[in-house]
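The values are calculated or read from the model by the stated rules, or taken from the named source; none is laboratory data. As the structure is a computational prediction, the values presented were derived from the model and not from experiment. Note that each Cβ is placed from the backbone with ideal geometry, even for glycine, and that neighbours are counted across all protein chains shown. Accessible surface is based on the protein model in full, side chains and every heavy atom, while ligands, DNA and RNA are left aside. Shrake-Rupley method; radii C 1.70, N 1.55, O 1.52, S 1.80 Å.
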Amino acid sequence: MSLRINDTAPDFTAETSEGTINFHDWIGDSYAVLFSHPKDFTPVCTTEFGAVARLADEFAKRGVKPIGSSVDSVEEHLKWKSDIEGFAGAPVTFPIIDDTSLTVAKLYDMLPAEAYLPDGRTAADSAAVRTTFIIGPDKKIRAMIIYPMTVGRNFDEILRVIDAVQLTDRAEVATPADWEKGEDVIVSLGLSDEEAKAKFGEIDVKLPYLRTTKMPS
């Protein structure tokens, strides 16, 4: 069965470049970003892991733990890290999961259940594995973003989604198209005008069902 928003993220135990982890225990009280890749030592993946390495402080200040997953071994991950760090100019401080068994890929519906990777495989054998999950401290899936193998992810967009998810977790608001942190937000339809004013102060009624207000602090 496919995973959906608000499903509990499947738990697993895996070997990683930082040792053995139990996923739910590793998340703890933080948010997490699980992002998967077709194979180590491939060009797009190297740029993506480099982007996450450079954004380490941005993830940390949001209380978010990134974790990568690739269908190669810990030994290969550790070798690849030096390439990533040389390219990015930043250390890889997050774990990379050894998913040679495709356990995580199958748990998270990244590949068909019968998928396997033959010896001598290339990235094309695991083309479906380029998926991002944003997971809350309650271990619920808050967002899923899937890219084709040829398209590198926009991690600024992933940070933007995290900002929106964290805001809407704590306030009765939604975010409009192209929203950036600090901009006005949309008042929840569950609040009357009076309730919204009591909660947020001034509101701007653009349409009966579209009311905006300043982003709550």
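About the centre of its Cα atoms, the range 172-217 shows a dipole size close to 40 debye [charges on the beta carbon of Lys, Arg (+1) and Asp, Glu (-1) only; nearest 20 debye]. Remark: the chain carries a charge dipole of roughly 340 debye about the Cα centre, counting +1 on each Lys and Arg Cβ and -1 on each Asp and Glu Cβ.
Kirkwood-type hydrodynamic radius, the chain: 18.7 Å, calculated from all non-identical alpha-carbon pairs.
Since only G89, I203, P66 are under comparison, the one whose Cα sits farthest along the positive direction of the charge dipole of the chain, derived from C-beta charges on Lys, Arg, Asp and Glu, is I203.
Just from its helices, what would the mean residue ellipticity at 222 nm be for the chain, if runs of 4 or more DSSP H residues each count -39500 (n - 2.57) and the sum is divided by every residue, rounded to the nearest 500 deg cm²/dmol?
Counting only the DSSP helices, I get -9000 deg cm²/dmol.
In the chain, the portion of solvent-accessible area held by carbon and sulfur atoms comes to 52 percent [1.4 Å probe, whole percent, DNA, RNA and ligands not counted]. Pairs from the table (K61/K139; K65/K197; K65/K206; K39/K181; K106/K181) lying more than 31 angstrom apart at Cα are K65/K197; K65/K206; K39/K181; K106/K181.
Amide H contacts for T16 (H built 1.01 Å from N in the peptide plane; partners 5 or more residues away or on another chain; cut-off under 5 Å): I21, D98.
Near the amide H of S69, within less than 5 Å, lie the amide hydrogens of F35, S36, H37, I97, all on another chain or at least 5 residues away, with H placed in the peptide plane.
Once you have a ≥ b ≥ c as the square roots of the Cα gyration tensor eigenvalues for the range 1-105, tell me rounded if a/c is under 1.5, and otherwise prolate or oblate according to whether a/b is larger than b/c. Note, shape of the range 1-105 comes out oblate. Summed over the residues of the chain and divided among them, the accessible surface reaches 49 Å² per residue at a probe radius of 1.4 Å. State the antiparallel share, in %, of DSSP beta bridges confined to the chain, rounding to the nearest 5. DSSP beta bridges in the chain are roughly 70 percent antiparallel.
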